[in-house]
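Here's the structure, in structure tokens; my notes come after.
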Amino acid sequence: MLSALALSLGMALSPVSVFAAETASSSSQQLPSLAPMLEKVMPSVVSISVEGSTTVKTPRMPQQFQQFFGDNSPFCQDGSPFQGSPMCQGGDGSDDGANAQKQQFRALGSGVIINADKGYVVTNNHMVDNATKIQVQLSDGRRYDAKVIGKDPQSDIALIQLQDAKNLTAIKIADSDNLRVGDYTVAIGNPYGLGETVTSGIVSALGRSGLNVENYENFIQTDAAINRGNSGGALVNLNGELIGINTAILAPDGGNIGIGFAIPSSMVKNLTAQMVEYGQVKRGELGVMGTELNSELAKAMKVDAQRGAFVSQVLPNSAAAKAGVKAGDVVVSMNGKALTSFAALRAKVGSLPVGTKLQLGLLRDGKPLNVTVELQQSSQDKVQSATIYTGIEGADLSNVDSNGQKGVRVDSVKAGSAAARIGLKKGDVILGVNQQAVSNLGELRKILDTKPSVLALNVKRGDSSLYLLMQ
């Protein structure tokens, strides 16, 4: 096959004089290339290496064997091959049925510089979750340590900041709401740790969801090759503008099959702005439950529409209820732009802050209707304390901003956790750390980023004020 192909090419290229003439002619023409655009964009895309630890659970031994292992057992003394093994760590038969073990990990991925002056880099939450050390390498080889500014597991977006970095290049962010199926895309990242790699394709679909029903999903689907290590990298248009952050692939065997997903840039822009301001995402809540409108549901409900967000329930006292949204309504647009699914409505609302006013286009009893909604604070605005400071892991935290009071509320504390050991309890409000006032999660994170050797938390508990100490 190869020899036949070579022969046919050889025949087609004879005589030599004709081939030389064609080469000279074609070399004078400017061939289409992505290179000029990429030369401007590549300095904005970075490689990220992460070191960290995560807690994994190992099964406890059967109760009948616990008498042979424990702190006083000869099997667990110095020099024993069993010392330090899970069977010598606990074995008390507690209800959780497992021993917590710290496991070290390393990971490689990508990120995109979105603010050159501040050194802000956007990446995926799963890239930096549980990280103890983050290092970023620029396209010119410079390396910087980085710290986490904010993380949002539900959207898989995180914002990190380079330390003492100068002369950075930020990417220009496009409005992903203007994308169309068929638009050209270019994916840039660090697959398999190989270094900066570029692939191209098109927008295969918009508004994809269903990868994880608990999360806010409104993915751009592309056939530009996205592989392991591309997480957090850039998806850009032909102008070199950011249209998405690469985050996932559909890969039954672990390799690329031309189905990749990116978080839209408009969603990224809204979320990172909140992380800068609050240190977390204070997402607004509409207060509706629903499903996708399809032809069968439209026929059953006698709705003259084929796509949209069908509202099955409106929560009492919610933003939607106050605006007059009713069960049975179909949301077909938001701020004048068409909505094709309930997942898209949920994702778009979930990236907007509390207090945002929206114009919703509805269909009710076959008639169009517009309502104005002001988003309320989500009941799910909580941050795990380990993402703020590993020394107080085991608590869910949220901002307090009501009745003139500010601070960080402790919403829950896991029994036996570091947070429980220092004395934090559900309902506590952290007002300060080491004589520095704290009014929100962002300020708490900023103080704890200095890694103080002694931690003195000023806590309000009911009508009392107390200090909790950790060394």
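The values are calculated or read from the model by the stated rules, or taken from the named source; none is laboratory data. Given the structure is predicted, the values throughout are model-derived calculations rather than measurements. Neighbour counts run over all protein chains shown; Cβ positions are idealised from the backbone, glycine included.
Against the test of being buried (at least 18 other Cβ atoms within 10 Å of the Cβ) and not in a strand (DSSP E or B), the options Val311, Val332, Val268 yield a single qualifying residue, Val268.
Of all residues in the range 173-187, count the ones that are among the small types (Gly, Ala, Ser) and free of Cβ contacts under 8 Å to residues at least 12 places away in the same chain.
Total meeting the criteria: 0.
State yes or no: is Leu431 within 19 Å of Thr132 (Cα to Cα) and in contact with a strand residue (DSSP E or B) (Cβ under 7 Å, 6 or more places away or on another chain)?
So Leu431 fails the test.
Screening Glu241 with (1) within 21 Å of Met42 (Cα to Cα); (2) at pLDDT below 95 gives one miss only, at (2). When the range 307-360 is limited to residues that are of a type in the set (Ser, Thr, Tyr) and more than 24 Å from the chain's Cα centre (by Cα), the one that is nearest to Met275 (Cα to Cα) turns out to be Ser318.
A single member of Gly119, Gly111, Gly141 is out of contact with any Asp or Glu (no Cβ under 7 Å at 6 or more places or on another chain), among the small types (Gly, Ala, Ser) and without any contact (Cβ under 8 Å) to a residue 40 or more places away in the chain, and it is Gly141. One residue alone among Gly355, Gly361, Gly366, Gly350 is closer than 25 Å to Gly328 by Cβ, of a type in the set (Gly, Ala, Ser) and at pLDDT 85 or above, and that residue is Gly361. For the range 335-348, residues that are crowded, with 20+ Cβ neighbours inside 10 Å and either more than 16 Å from Phe219 (Cβ to Cβ) or in contact with a Cys (Cβ under 8 Å, 6 or more places away or on another chain) (or both) total 0. Scanning the range 172-203 for residues that are of a type in the set (Phe, Trp, Tyr) and either at pLDDT below 90 or under 22 Å from the mean Cα position of the chain (by Cα) (or both) yields a count of 1. The criterion of being of a type in the set (A, V, I, L, M), modelled with pLDDT of 90 or more and not assigned by TED's automatic domain parsing to the domain that holds Leu444 holds for Val371.
Select from the range 180-195 the residues that are of a type in the set (A, V, I, L, M) and surrounded by fewer than 20 Cβ atoms within 10 Å (Cβ to Cβ) and list them in ascending order.
Those that are of a type in the set (A, V, I, L, M) and surrounded by fewer than 20 Cβ atoms within 10 Å (Cβ to Cβ): Val181, Leu194.
Looking at the range 105-163, the strands (runs of 3 or more DSSP E) lying wholly inside it that each contain 1 or more residues that are surrounded by fewer than 16 Cβ atoms within 10 Å (Cβ to Cβ) sit at 131-137, 143-152.
For the range 426-471, a tally of residues being surrounded by fewer than 14 Cβ atoms within 10 Å (Cβ to Cβ) and closer than 19 Å to Gln280 by Cα returns 2.
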